[in-house]
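Every read-out reported here was derived from the displayed coordinates using simple, explicitly stated rules and does not represent laboratory data. Note that this is a predicted model, so its numbers are computed, not measured. A quick note on method: Cβ atoms are made from the backbone with ideal geometry, for glycine too, and the neighbour counts reach across all protein chains shown.
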Amino acid sequence: MRPAQDKDKPFLAMLHESVRQDLLLIDAEEDYIKQIVEMQLRAQTEGYGQQYPNAMYFVIEKHHELIGKVTVDFGHNEVRLVEIAFLPQARGLGFGEVIIRSLMVAAEQSKVPMTLTVARNNPGAFKLYVKLGFVVEQEDDMYILMTWKPELNVFQTTFS
């Protein structure tokens with residue numbers, strides 16, 4: 001995982017397109033669909049910027065090959081996993097779990113919970129988050145807000 005750079009923009013656009021296959025099903029001309037995908041990526045990026053102004057954007061590499069991205073907001077009261085996405089060929093191979101566990105370590109060291117939102121139509125991700133100890137905090141028709149709280153390491157001293 002490394003900070004995203006301007007040179008990563010073409011990869012990030014391609015990754016966004018691979019994640020948003022639903023937009024490619026629009027019954028329209030290819031150029032129009034491409035414009036919709038680009039517009040949705042801009043709207044998402046601007047939305048994240050407004051909602052999480054201190055978010056950090058990373059690309060994920062495996063042997064110097066770009067395979068995914070992660071957006072994280074290290075706030076005062078939580079570590080918020082804003083987004084994590086992988087190319088289709090890198091999904092289901094455990095990379096997401098490794099990244100999330102590393103963010104959990106950062107949350108634990110900061111003594112704050114880690115939160116994320118998962119789409120209801122993503123049961124694989126939901127199952128992973130439950131496996132990692134995240135619990136459901138809120139739900140609506142589209143999304144589930146989940147939280148993981150680090151265990152407080154309380155040292156007890158025994159006096160004789």
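So here's what we get for this one:
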read-out	value
Overall dimensions of the range 2-148 as given by Cα atoms, namely Rg and Dmax in Å	15.7, 51
Dipole magnitude of the range 75-134 about its Cα centre (Cβ charges: Lys, Arg +1; Asp, Glu -1), debye to nearest 20	160
Mean Cα-pair separation over length for the range 2-148, i.e. relative contact order, pairs under 8 Å, 6 or more apart, %	16
Estimated vicinal HN-Hα couplings, Hz - the range 62-77 in sequence order (Karplus 6.51, -1.76, 1.60; Gly, Pro = x)	10, 6, 6, 10, 5, 10, x, 9, 9, 10, 9, 10, 8, x, 6, 10
Cut-off under 5 Å, modelled amide H: who pairs with E83 long-range	T71
